[in-house]
1. Mean separation of Cα pairs under 8 Å and 6+ residues apart, divided by the residue count of the stretch 1-73: what relative contact order is that in percent?
2. Mind putting a number on the dipole of the chain about its Cα centre? Charges go on the C-beta only, +1 for Lys and Arg and -1 for Asp and Glu, and I need it in Debye to the nearest 20.
3. Which one of P72, F62, S95 has its Cα pushed farthest toward the positive end of the charge dipole of the stretch 44-135, where Lys and Arg give +1 and Asp and Glu give -1 at the Cβ?
4. Which shape class, rounded, prolate or oblate, goes with the stretch 90-161 when its Cα gyration tensor gives a ≥ b ≥ c as root eigenvalues, a/c under 1.5 marks rounded, and past that a/b bigger than b/c marks prolate?
5. How much accessible area per residue does the chain have, in Å², with a 1.4 Å probe?
6. Helix-only estimate, please: 222 nm mean residue ellipticity of the chain, summing -39500 (n - 2.57) across DSSP H runs of length 4 or more and dividing by its residues, to the nearest 500.
7. Dividing the alpha-carbon Rg of the stretch 50-143 by 2.2 N^0.38 Å yields what?
8. Give K34/K89; K89/K133; K10/K34; K34/K113; K110/K133; K22/K113 a once-over and call out the pairs whose C-alpha atoms are over 30 Å from each other.
Amino acid sequence: MVLPFVSRVKASDTVCPFCSGKVYVQENDSLLLKDYPVFAGIRQKIQVFLHRFQCTECGSAFTEDLGLLRYPGTRITCRAAGNIRQLLKYSIPISAISAFTGIRWNTIAKIHKEYMDEALSGREEELRKRNYKPKRLAVDEFAVHKGHTYATCVMDLDEGDILWVGAGRSKACFG
């Protein structure tokens, strides 16, 4: 199902973001965004018709801002990204989310990385505010590639946090 979204932005109401000069419509463009499915198995897309403007003063060209419609750096809607984040909170695999939504695995992985980065920085901030210092540590090594490449992990036993991961399993890798 493809839903049309037509821009109603006029050149007379738009100014150049670089020099605040007057602009004109250089070309009309369209963009196909994937949205979160309303019903399982029915993929939903939004066809966005928008303008590409050019400044009459500095000559800069730019595409109109889609605001909250498009999730930055992807071809999905912000609503779809928000729903994907909710599914990721419940540890649903990326491949399952991709199969359900029809959104590419790489796009979901990008959202997952952003979500994990936010969660880790939030946890780090929480521990910093509490002025937490680990008391009991554990060191473990694990195989990365079928027993040929190893990594070492340092964990906080009280909080259950991973504090450090490094390549190798020798004493020198702690350097």
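1. Details: 129 pairs, mean separation 24.5, N = 73.
Result for the stretch 1-73 is 34 percent.
2. Numbers: 25 positive and 19 negative charges, 68 e Å.
It works out to roughly 320 debye.
3. Going by the Cα projections, it comes out as S95.
4. Numbers: a/c = 3.19, a/b = 1.39, b/c = 2.30.
Cα axes put the stretch 90-161 in the oblate bin.
5. Details: 11870 Å² over 175 residues.
Value returned for the chain: 68 Å² of accessible area per residue.
6. Values: 3 runs with 45 residues, N = 175.
Calculated at 222 nm, the ellipticity per residue is -8500 deg cm²/dmol.
7. Details: Rg = 20.1 Å, N = 94, 2.2 N^0.38 = 12.4 Å.
In units of the 2.2 N^0.38 Å rule of thumb, it is 1.62.
8. K110/K133; K22/K113
The values are calculated or read from the model by the stated rules, or taken from the named source; none is laboratory data. Nothing here was measured: the structure is a model prediction, and the numbers come from that model. Glycine gets a Cβ as well: all are built from the backbone with ideal geometry, and neighbour counts include every protein chain shown. In case anyone asks, the SASA skips ligands and DNA or RNA and just uses the protein heavy atoms, side chains included. Shrake-Rupley method; radii C 1.70, N 1.55, O 1.52, S 1.80 Å.
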